[in-house]
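Inspection log for the structure reproduced underneath, given as structure tokens.
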Amino acid sequence: MFNVELKQGKGETTLIVEDDEDVLSILREILSKTGYAVLEARNTKEAYSIFKKEKNKIRLVISDVVLPDGSGVKLVEKMITQSPNLKVILSSGYPSDEVDLAETNKKRFLFLQKPYILTELLMTIREILD
């Protein structure tokens with residue numbers, strides 16, 4: 001099912017914050033099968049609770065920008081204050097003019113517009129972690 005050329009993880013713990021069950025399921029499967037340890041949350045409250053318990057393990061957060069109970073951008077900003085070396089990839093299915101790209105770029109968060117190609121995501125993850 002997976003192309004052998006996909007960029008492989010090295011066991012890094014990644015927190016996925018995504019309210020769409022289908023997207024979450026695909027991300028979980030792809031990341032798990034390419035060598036990442038995966039934690040998952042469906043909203044900001046759940047994500048922050050997991051982060052507080054696992055912040056010393058989590059290397060990367062992949063978060064939707066628009067979540068049912070708040071902003072993915074504000075969530076990762078809060079996490080970064082406690083874990084400055086945390087890497088962040090934000091994504092959204094909303095048109096890019098509705099997402100404050102200038103703000104995400106200023107904070108040096110990477111942004112991927114949904115739908116994105118999974119190979120692009122895996123290459124982006126390796127680039128940000130290496």
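Output the residues belonging to the stretch 111-130 that are outside any loop (DSSP other than H, G, I, E, B) and within 18 Å of G9 (Cα to Cα). Across the stretch 111-130, the qualifying residues are L118, T119, E120, L121, L122, M123, T124, I125, R126, E127, I128, L129. The set of residues in the stretch 75-99 that are surrounded by 12 or more Cβ atoms within 10 Å (Cβ to Cβ), modelled with pLDDT of 90 or more, out of contact with any Phe, Trp or Tyr (no Cβ under 6 Å at 6 or more places or on another chain) and not in a strand (DSSP E or B) comprises L75, V76, E77, K78, I80, S83, L86. The listed residues are A41, A37, A102, A47, and the only one of them that is at pLDDT below 95 and of a type outside the set (D, E) turns out to be A102. Consider the stretch 31-43 and keep the residues that are of a type in the set (D, E, K, R) and over 11 Å from the mean Cα position of the chain (by Cα). The one that is surrounded by the fewest Cβ atoms within 10 Å (Cβ to Cβ) is K33. Only residues that are in contact (Cβ under 8 Å) with a residue 40 or more places away in the chain and polar (S, T, N, Q): list them for the stretch 30-46, please. Correct list: T34 only. Take the conditions (1) surrounded by fewer than 18 Cβ atoms within 10 Å (Cβ to Cβ); (2) outside any helix (DSSP H, G or I); E46 misses just one of them, which is (2). Every condition in (1) more than 26 Å from S32 (Cβ to Cβ); (2) modelled with pLDDT of 90 or more; (3) not aliphatic (A, V, I, L, M) holds for K107 except the one numbered (2). Within the stretch 49-68, being surrounded by 18 or more Cβ atoms within 10 Å (Cβ to Cβ) and closer than 16 Å to E18 by Cβ holds for F51, I58, L60, V61, I62, S63, D64, V65, L67. Taking every residue in the stretch 78-106 that is over 18 Å from K45 (Cα atoms) and pairing it with any residue that is modelled with pLDDT under 80 and outside any helix (DSSP H, G or I), at least 6 positions away or on another chain, the pairs with Cβ-Cβ distances below 6 Å are S92/V99. Here V65 fulfils each of the conditions (1) more than 18 Å from G93 (Cα to Cα); (2) in contact with a Leu (Cβ under 6 Å, 6 or more places away or on another chain) apart from (1). Restricted to the stretch 47-64, and to residues that are free of Cβ contacts under 8 Å to residues at least 40 places away in the same chain and among the aliphatic types (A, V, I, L, M), which residue is farthest from S25 (Cα to Cα)? Once the filter is applied, the top-ranked residue is I50.
Restricting attention to the stretch 9-30, the residues that are over 10 Å from the mean Cα position of the chain (by Cα) and not in a helix (DSSP H, G or I) add up to 7.
The values are calculated or read from the model by the stated rules, or taken from the named source; none is laboratory data. Please read these numbers as outputs of a predicted model, since none were measured by experiment. Every residue, glycine as well, gets a Cβ built from its backbone with ideal geometry; the counts of neighbours run over all protein chains shown.
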